[in-house]
1. Limited to segment 63-83, what total is found for residues that are in a helix (DSSP H, G or I) and within 19 Å of the chain's Cα centre (by Cα)?
2. Here's a check for you: in segment 14-39, which residue that is under 23 Å from residue 103 (Cα atoms) and either touching a Gly at 6+ places or on another chain (Cβ under 7 Å) or among the β-branched types (Val, Ile, Thr) (or both) is surrounded by the fewest Cβ atoms within 10 Å (Cβ to Cβ)?
3. Please go through segment 33-62 and give me each residue that is assigned to a helix (DSSP H, G or I) and farther than 27 Å from residue 143 by Cβ, ordered by number.
4. Out of everything in segment 140-163 that is touching a residue at least 60 places away in the same chain (Cβ under 8 Å) and within 19 Å of residue 56 (Cβ to Cβ), what residue ends up being surrounded by the most Cβ atoms within 10 Å (Cβ to Cβ)?
5. If a residue must be without any contact (Cβ under 8 Å) to a residue 60 or more places away in the chain and within 17 Å of the chain's Cα centre (by Cα), how many such residues does segment 38-51 contain?
6. Suppose we keep only residues that are of a type in the set (A, V, I, L, M, F, W, C) and over 17 Å from the mean Cα position of the chain (by Cα) within segment 86-117. Which one would you say is farthest from residue 130 (Cα to Cα)?
7. What tally of residues in segment 79-109 results from selecting those that are in contact with a strand residue (DSSP E or B) (Cβ under 8 Å, 6 or more places away or on another chain) and free of Cβ contacts under 8 Å to residues at least 40 places away in the same chain?
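The values are calculated or read from the model by the stated rules, or taken from the named source; none is laboratory data. Since the structure is predicted, the reported quantities are computational estimates derived from the model, not experimental observations. When we count neighbours, we look across all protein chains shown, and the Cβ atoms used for this are built from the backbone with ideal geometry, even at glycine.
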Amino acid sequence: MADSARDALAEHSELVGRVEALLPQVDELALLLIEVYGAGGRIYTFGNGGSAGDAQHFAAELVGRFERERRAAAAIALTTDTSILTAIGNDYAFDRVFARQIEALGRAGDVFVAISTSGNSKNILRAIAAAKDKGVRVIGFTGKSGGAMAPECDLCFRVPSDET
């Protein structure tokens, strides 16, 4: 067990060095968020499973405070309202749970943050298509291949690993 944990930590440490290459995209994301908030836009986040938890945490840091005191930033995780999720899943299909919310909430000037390790989840891809139909920009966070969603995002952070 200790060897397995040691291997996982070594892999994680090595990955941190490779992620450094994404720092120019971090600057690009920061400038985009400043632009969105300056124009009165909102950030909406979503993902499945662990990525849903990541989406919620991302939104929480924007609304709360991340590292320093600042004005609250408008951010909503589309993964948190069980009544909406189950109603859409039941009335339509699970692959529409995020797209339908985007159809209802999205407006030009907003940004949707899609999180998917594989980049191939049907409900994520449908949501990205719905966002693009509304003229809303999409930021993606994926594993190394980026899957089908990478070319559909305005900015896609492809972490050079497929380990969650």
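1. 2
2. Of everything passing the filter in segment 14-39, 39 is surrounded by the fewest Cβ atoms within 10 Å (Cβ to Cβ).
3. First, the residues of segment 33-62 that are assigned to a helix (DSSP H, G or I): 33-38, 50-62.
The answer is 34, 35, 37, 38.
4. 141
5. Taking segment 38-51 and keeping what is without any contact (Cβ under 8 Å) to a residue 60 or more places away in the chain, we get 38, 49.
Those still in the list that are within 17 Å of the chain's Cα centre (by Cα) too: 49.
Qualifying residue count for the region: 1.
6. Residues of segment 86-117 that are of a type in the set (A, V, I, L, M, F, W, C), as a first pass: 87-88, 93-94, 97-99, 102, 104-105, 108, 111-115.
Within this subset, residues satisfying the condition of being over 17 Å from the mean Cα position of the chain (by Cα) are 87-88, 93-94, 104, 108.
Details: 87: 18, 88: 15, 93: 15, 94: 15, 104: 10, 108: 12 Å.
Checking each candidate, the answer is 87.
7. Going residue by residue through segment 79-109, those that are in contact with a strand residue (DSSP E or B) (Cβ under 8 Å, 6 or more places away or on another chain) are 79, 98, 101-102, 105-106.
Now restrict to residues that are free of Cβ contacts under 8 Å to residues at least 40 places away in the same chain: 79.
Total satisfying the criteria: 1.
Quick grid of which residues meet (1) assigned to a loop (DSSP other than H, G, I, E, B); (2) under 16 Å from residue 58 (Cβ atoms); (3) out of contact with any Asp or Glu (no Cβ under 8 Å at 6 or more places or on another chain); (4) at pLDDT 95 or above:
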site: 95; (1), (2), (3), (4): no, no, yes, yes
site: 104; (1), (2), (3), (4): no, no, yes, yes
site: 107; (1), (2), (3), (4): yes, no, yes, no
site: 113; (1), (2), (3), (4): no, yes, yes, yes
site: 119; (1), (2), (3), (4): yes, no, yes, yes
site: 123; (1), (2), (3), (4): no, no, no, yes
site: 126; (1), (2), (3), (4): no, no, no, yes
site: 138; (1), (2), (3), (4): no, yes, no, yes
